[in-house]
Structure formats: structure tokens, C-alpha cells
Amino acid sequence: MDKNSILKAYGFYAPFYDLIFGSWVNHGRKKAVEKIDQTPGSRILEAGVGTGYSIPLYNRDVRVMGIDISPEMLKVARKRFPQDKYPQVEGFLEMDAQELDFPDNSFDAVMAMYVASVVPDPMKMMQEMSRVCVPGGTVLVLNHFASSKGFLCNIERFFSPFSKRLGFKPDFSLPHFLEMTTIEVEGILPVNLGGYWKLIQFRNGEANGDANARDETPIDPQPA
Ligand SMILES: C[S@@+](CC[C@H](N)C(=O)[O-])C[C@H]1O[C@@H](n2cnc3c(N)ncnc32)[C@H](O)[C@@H]1O
């Protein structure tokens with residue numbers, strides 16, 4: 001995936017994105033939002049917010065900043081979720097998740113839903129998500145990951161050469177993703193249709209990017 005193919009793919013998807021990737025994968029979004037502490041006034045970042053499908057899932061007294069690289073996806077989000085009707089919306093900004101334009105420790109929780117297999121450099125995105133999250137804050141990644149065997153594995157491999165056109169990598173590997181991520185995993189929860197997607201909860205280190213200082217309490221632990 002590269003920036004141009006992402007812009008092209010999501011520029012194309014934007015008008016009907018919610019029809020093809022809306023309600024049937026909303027269970028995962030709901031589970032992700034349930035995992036974060038929504039103390040009134042909490043500041044939450046959604047990297048790759050897309051059309052803002054998750055916005056109604058947040059309490060109205062938190063502040064959600066949505067960023068996305070696609071102006072067309074953001075246009076839909078701004079139209080559907082205006083701040084006067086959805087007070088939880090702090091804003092929708094055009095920004096690259098791999099190069100966040102926020103100071104360190106800006107957010108209490110940082111999420112990326114269905115984004116990790118889209119960005120060109122998921123490790124850079126994770127580093128940035130960790131940097132802008134407060135120490136001890138929650139970082140959540142919701143994504144599909146490649147099957148190791150069987151029919152789905154063959155399908156994913158078949159579609160792999162078409163990643164740029166599809167707008168995501170069908171054969172995105174969970175072990176590889178976890179290997180390259182420096183934030184410690186608190187738990188992995190299978191979600192959506194038979195658990196094909198995984199919700200990965202990380203606890204941000206005491207110092208940003210520090211994998212050594214974390215709350216070790218597991219939630220729904222699953223072997224990777
Ligand atoms: C599959 S959509 C997910 C949208 C939304 N999170 C959801 O739950 O439906 C992936 C989104 O990631 C965005 N994206 C891809 N690369 C990005 C990047 N480097 N920075 C920010 N957003 C990016 C795309 O524009 C698209 O809106």
C-alpha cells in the first residue's frame with residue numbers, strides 16, 4: 001500500500017463505504033469503544049476514522065478527535081456527525097496516522113479500527129499512537145489478520161496482489177504485527193463473524209514507546 005493508492009481507493013469508496021463496511025462489522029467497533037475509559041472529558045484519538053461510523057458509540061461527554069488521510073472519507077464524517085448534534089466530536093482532521101500532528105501524551109486513549117492493514121507502515125503508526133497517548137493509557141487496534149491455513153488463507157493469498165486496488169492487505173499477519181509492535185499487549189479479543197477480526201488492547205508504557213513499564217493484568221488473553 002502507498003499513499004496514492006490509499007487516497008484513490010478510499011476516494012472511490014467514500015460515498016458508499018458505510019453500505020459495504022458499516023453495520024456488519026460494527027460489533028468490533030462496539031467492543032473496542034467498550035474497552036476504553038470514557039470518564040467525562042476524556043480525550044480519545046481515532047486514527048483512520050473514515051466516515052466516522054463509530055462516533056455514535058461514544059458517550060456524549062468525551063472528546064473524540066478523528067483523523068484520516070482521505071479528504072473524501074472525512075467529508076462524509078463531517079456531514080454525518082456535525083459537532084452541534086454530536087458533542088463528543090472534537091474535530092475531523094486530515095492527517096497521516098504515521099506522522100501525527102499532536103504533542104506527546106495528548107490523548108487518554110488512541111484507537112485504530114480497520115486501519116492497520118491499510119497504512120503503508122503499521123509500525124510507524126503504532127509508534128505515533130503510543131507517543132500521543134498518555135502513559136498508562138489504552139491503545140486499541142481492531143483489524144482482520146491473515147488465516148494460517150484453510151480456505152480463507154487461500155482466498156487471502158489469492159487477493160494479496162490486488163491490495164492497492166482493494167485498499168487493504170488481505171494477508172496481514174498477526175504474529176508479524178505483534179512482533180514489530182513495541183507496546184505490550186494486554187489482551188486479544190476475537191470479534192465479528194466467528195472471530196475473524198481481532199481487537200488488540202495495548203497498555204501504553206510509562207514513558208512513550210517504553211515496553212518495560214506496563215500494567216500486566218491480562219484481559220481476555222488469547223495466544224497469538
Ligand atoms: C477500512 S477504513 C476504516 C475506517 C473506520 N475506522 C471504520 O471503522 O470504518 C480505513 C481508513 O484508514 C484511512 N487511512 C489509510 N491510511 C491512513 C493513514 N496513513 N493515515 C490516516 N488514515 C489512513 C483510510 O483513508 C480509511 O478511511
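Excluding same-chain pairs closer than 8 in sequence, count the lysine pairs in the range 3-203 whose Cα atoms lie under 19 Å apart.
Lysine pairs, 8 or more places apart or on different chains, close enough: 15.
Could you work out how much longer the chain between ILE20 and ASP2 gets when fully extended? Use 0.36 nm per residue separation minus the Cα distance between them, nm to one decimal.
Gain in length upon complete extension: 4.3 nm.
Of all accessible surface on the range 3-203 at a 1.4 Å probe, what whole percent is carbon and sulfur?
56 percent
Please arrange THR182, THR138 by accessible surface area, largest first, computed with a 1.4 Å probe and ligands excluded.
THR182, THR138
In the chain, what percentage of the DSSP-assigned beta bridges are antiparallel, given to the nearest 5?
40 percent
For the chain, place one equal point scatterer on every Cα, skip the solvent, and apply the Debye formula. What is log10 of I(q)/I(0) at q = 0.10, 0.14, 0.15 Å⁻¹?
With no solvent term, the Cα-only Debye profile gives -0.41, -0.84, -0.98.
Note the full-extension length gain between HIS27 and SER106 as 0.36 nm times their separation in residues minus their Cα-Cα distance, in nm to one decimal.
Values: separation 79, 0.36 × 79 = 28.44 nm, distance 2.74 nm.
This chain segment gains 25.7 nm when fully extended.
Could you work out how far the C-alpha centroid of the range 84-114 sits from that of the range 120-142, in angstrom?
Comparing the Cα centres of the range 84-114 and the range 120-142, I get a distance of 11 Å.
Under a crude label model (7 Å from the Cα following the beta-carbon direction), how far is PHE12 from LYS79 in nanometres?
About 2.0 nm, to one decimal.
Counting helices only, and only those DSSP H runs with n ≥ 4, report the 222 nm mean residue ellipticity of the chain as the sum of -39,500 (n - 2.57) divided by its residues, in deg cm²/dmol to the nearest 500.
-8500 deg cm²/dmol, from helical runs alone.
For SER173, what residues show an amide H to amide H distance below 5 Å, using hydrogens built from the backbone and excluding near sequence neighbours?
Here ALA146 satisfy the definition.
Could you grab the relative contact order for the chain? Cα pairs under 8 Å, six or more apart, rounded to a whole percent.
19 percent
Give me the accessible area of THR181, 1.4 Å probe, in Å² rounded to the nearest 10.
We get 20 Å² for THR181.
Rolling a 1.4 angstrom probe over the protein heavy atoms, how many square angstrom per residue are accessible across the range 3-203?
46 Å²
The values are calculated or read from the model by the stated rules, or taken from the named source; none is laboratory data. As the structure is a computational prediction, the values presented were derived from the model and not from experiment. We place every Cβ from the backbone using ideal geometry, glycine too, and count neighbours over all the protein chains shown. Quick note on the areas: whole protein, heavy atoms, side chains included, nothing else; ligands and nucleic acids left out. Shrake-Rupley method; radii C 1.70, N 1.55, O 1.52, S 1.80 Å.
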